[in-house]
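Derivation of every value follows stated rules applied to the coordinates shown; laboratory data play no part. Fair warning: this is a prediction, and the values are worked out from it, not measured in the lab. Here Cβ is always computed from backbone atoms with ideal geometry, including for glycine, and neighbour counts include all displayed protein chains.
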Amino acid sequence: MANKEIDEISGVETTGHEWDGLKELNNPLPRWWLWVLYLCIAWSLVYYVLYPSWPLVSDYTHGILGFSQRAAALEAVAEQRAARDARGGDLANATLEEIAASPDLLEFALANGRAAFAQNCAACHGAGATGFTGYPNLNDDDWIWGGTLEDIHQTISHGIRWEEDYDTRFGDMTAFGRDGILGGEEITNVAAYVRTLSGLEPERGDAAAGQAIFEANCAVCHGADATGQQALGAPNLTDQIWLYGSAQATIEEAVTNGRGGVMPAMGPRFTDDGVTLKSLAVYVHSLGGGQ
C-alpha cells in the first residue's frame, strides 16, 4: 500500500507492483465487461442444472431436462434411414422402366445414385463422370457395352472382365503384334487406316494397304463399317471418341498389345436388395448419353 503512487505520465494510480522499473497501473475492467462476465457465470450455472455438462468417471451429469445432442442426432438419422428404407423398398420392387416412368421413384433414384456414384465410381470416371484416359466418359453417347438401362445395370452389377463374377462382360482385343499375327509395317498401315475412319489424317504408313488388313483381321469384331459391336465390347472407330487417345502411336500400341480394361463388379458391394444398383444405373443413364 505504501508503494502506491500517481503515475506522472498517465495520471493513474499504480497498484504498488513494480518489475524492473515497470510500474503496474490500476486500470480496472470496464463495468460492462464485468457484467457480461457475471452473466456468463450465471448462465453456466443454469446450463449445468438443465443440460448435460460435467463428465464423471463412467458417465456424465444429464441435467434435469435430459437433453442430449447426440441422442437427437441419432434420432434424426434413424428417421431419415427409415424414410429412405421405405422409399428404397418401392425402388427394390420396381423395374428399371417403372422407375424411369415414375417421377417420385426417379427423383429418389437419381439422388441415391448420385451419392453412390461419388462414393464408388468417381475415383475412375471422375466426379463429373467425364472419365480419363482408359476410363470412359459417361456423358457422351458412345457406349462400348450398350447404354440402355438394362445394359448399364448389367455392366455395373457384374463388371467388365472381372474374373470373380461368372456373368461379367468379357471380350478381349487380340494382341496382333505380340502374338505374331501382324508385322510392324502391317500394324503401322492398319493404324493409319483406323485414323481415317474418323476423319483424321494418317501420321505415317499406307492407309489404303491398311484397309485390306483391317477387313481381314479387325472387321470381324468392329464390323465391316467399323461402327463396332456392343455385344463384343468392340468400340465404334468411326466417331471421334477415343478411350485411349487418337495418336497413331497409341493406336499402333493397341493393335500390337491389345486392350483389356477391367471394371469391378459392383453387385457384391451392396446388400440393399438391388436399390443402389438400380439407382446407379438410372443415374448413369441420365447423364446425357443413355440410349
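Worth pointing out:
- One chain, two ends: residue 178 and residue 249. Fully extended at 0.36 nm per residue, the span grows by 24.0 nm beyond their Cα-Cα distance.
- Contour minus Cα-Cα distance for residue 13 and residue 141 (0.36 nm per residue): 37.7 nm
- Two-site FRET efficiency, residue 110 against residue 196, from Cβ-Cβ distance with R₀ of 45 Å, rounded to 0.05: 0.65
- Evaluated at q = 0.13, 0.14, 0.25 Å⁻¹: base-10 log I(q)/I(0), Debye formula over Cα of the stretch 184-257: -0.31, -0.36, -1.24
- Residue 164-residue 42 FRET efficiency (beta carbon distance; Förster radius 51 Å; 0.05 resolution): 0.20
- Fraction of alpha-carbon pairs over 21 Å apart in the stretch 105-177 - percent: 33
- Principal semi-axes in Å for the stretch 1-67 [√(5λ), Cα gyration tensor, largest first]: 45, 15, 7
- Here the stretch 68-125 and the stretch 156-190 have alpha carbon centers that stand 37 Å from each other.
- In the frame of its principal axes, the chain has Cα extents of 113, 57, 36 Å, reported largest first.
- Where the Cα pairs of the stretch 244-287 fall when distances are cut into 5 Å bins, in %: 5, 17, 15, 13, 11, 10, 14, 10, 5, 0
- Ranking of 287, 182, 25, 56 by neighbouring Cβ atoms within 10 Å, starting from the fewest: 56, 25, 287, 182.
- For the Cα trace of the stretch 58-100, dividing Rg by the Kirkwood Rh returns an Rg/Rh value of 1.37.
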